[in-house]
Amino acid sequence: MESESFSIGRRGEYTLMDKRIFIFDLDGTVIDSSHRQGNSLDDWFRLNTRENIFKDVPLALGRHIRNLHLKGHKVLICTSRNISKDDLDYLEQVLKIPPNIKIIARPYGCDSAPFTLKKKQLSYLQNFKSFRDKIKFLIDDNEDNLKSFEELGTNCFGIFPNQAEDFISRIVLNER
């Protein structure tokens, strides 16, 4: 067990632990899919084709998903949008996401605000004994999502992508 402490995000210090739980958002965090955004939800659905999905640009944090998983950390993807088979193919083929990484997405027909949806979908991490005491990080580009996640417990930390890059590389994976 590591005993060093580290300051990250908006909450201050926490003690480093052996294995952590990392939850990654997709859009704006792991991939740039802005070319599919359009001006409305209808535009999003119209532009959400296999061809356009495969034009998404991987962002630097995406490479950490596989590395953290291989180092024994629990890694999840949690997005507030729907996921199609084409999205899953992209994640596997382009980002090389291992098939056993859990992907949590918006259920079809759900119209909850993203921060409400993610908090509800991730609350099980505080309820199950095997996850309850572990340090958890949500890496997301939306401050409301981060704040809502931190409400789940004192061991839940929200981190913006620009903060997460250095933290994961230097502290967790010891790459630098």
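Values in this text are rule-based calculations from the coordinates and carry no lab data. Treat the numbers as computed from the prediction; the structure is a model and nothing was measured. For neighbour counting, all protein chains shown are included, and Cβ atoms are generated from backbone atoms with ideal geometry for every residue, glycine included.
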Tally Lys and Arg at +1 and Asp and Glu at -1 over the other residues with C-beta under 15 Å from the C-beta of Pro98: what net charge comes out? +4
Skipping prolines and chain starts, which residues have an amide H placed within reach, meaning under 5 Å, of the one on Phe157, given they are 5 or more residues away or on another chain? Lys136, Phe137, Leu138
Quick check: net charge around Arg50, other residues with Cβ under 15 Å of its Cβ, Lys/Arg +1 and Asp/Glu -1? -2
Descending semi-axes in whole angstrom, ellipsoid equivalent of segment 59-176, from the Cα gyration tensor: 21, 19, 14
Could you sort the peptides 20-29, 35-44, 98-107 by per-residue average Cβ neighbour count (10 Å cutoff), highest mean leading? 20-29, 98-107, 35-44
Just to check I understand the Karplus step: with θ = phi - 60° and J = 6.51 cos²θ - 1.76 cosθ + 1.60, what whole-Hz values come out for segment 107-122, glycine and proline as x? x, 4, x, 7, 10, 5, 4, x, 5, 5, 4, 5, 4, 5, 5, 9
FRET efficiency for Thr154 and Leu88, Cβ-Cβ distance as r, R0 = 35 Å, nearest 0.05? 0.55
